[in-house]
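The values are calculated or read from the model by the stated rules, or taken from the named source; none is laboratory data. Predicted model only: the values in this text are computed from it and were never measured. Ideal geometry is used to build each Cβ from the backbone, glycine not excepted, and the neighbour counts take in all protein chains shown.
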Amino acid sequence: MKKLLRYFLIISLPFWTFKAQAQFESFKDSVVQLYGVVMTADSLRALPAVSVVVKGTGRGTITNNQGVFSIVVLKGDKVEFTSIGFKPKTAEIPRNIEGNQYSMIQLMITDTVYLPATIIKARPTREQFERDFVNTPVPDDQIEIARQNNDETKRRILARTLPSDGKEATNFNLKQGAQKLYYTGQTPPMNIFNPVAWADFVKAWKRGDFKSK
């Protein structure tokens, strides 16, 4: 039985090898490198960040700032192009392509969206307009936010409340370990007799660092 099985394997091995090679060659011929550019249909303007997805595969890419994209597909695949503000488009890769490269230009049509009508009405009186205009809160711009973040009082509050990151926590532990090793076998100094520590304490007391928030 073993000899018969071995004889069958020896005879059928070239057949399976030839079949696998033929399947690989067929798959290799069906693979296509797709290049293209996505543009607007009305002004031929390049569209960046357009989603290019091969349907049914979950594979995709996006166009660059010049609207150019590149992706590997198979002959007969359907490629879907989607972008906010434009109607989705689907393109099918031809099956009779000669070679393994294919280029295309995909035009996108603007998707018109009609919003509900908005009616703008004036204030009934000038006094009401002035009151609402003065009391309307105006959000801070980037410059004002940066100025507030650079305020010394706010930076002290943030330094006490924000948690330490990994680098700060590691440096703190390493300094503590080094200090313990430095005073091994002797009594470490006490800051109660340190005039510099007392000066820092008085400054912090005057600033109000110990007041309850």
Any chance you could count how many residues in region 172-208 are assigned to a loop (DSSP other than H, G, I, E, B) and over 22 Å from Thr153 (Cα atoms)?
9
Strands (runs of 3 or more DSSP E) completely within region 30-71 that count 1 or more residues being closer than 14 Å to Met108 by Cα:
31-40, 51-54
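I need the full set of residues from region 61-110 which are on the phi > 0 side of the Ramachandran plot and surrounded by 15 or more Cβ atoms within 10 Å (Cβ to Cβ), in order please.
Hit for region 61-110 is Gly67, nothing else.
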Among (1) of a type in the set (Phe, Trp, Tyr); (2) without any contact (Cβ under 8 Å) to a residue 24 or more places away in the chain; (3) within 30 Å of Tyr35 (Cβ to Cβ), where does Tyr102 come up short?
(2)
With Pro116, Pro94 as the choices, which residue is in a loop (DSSP other than H, G, I, E, B) and either of a type in the set (A, V, I, L, M, F, W, C) or not assigned by TED's automatic domain parsing to the domain that holds Leu47 (or both)?
Pro116
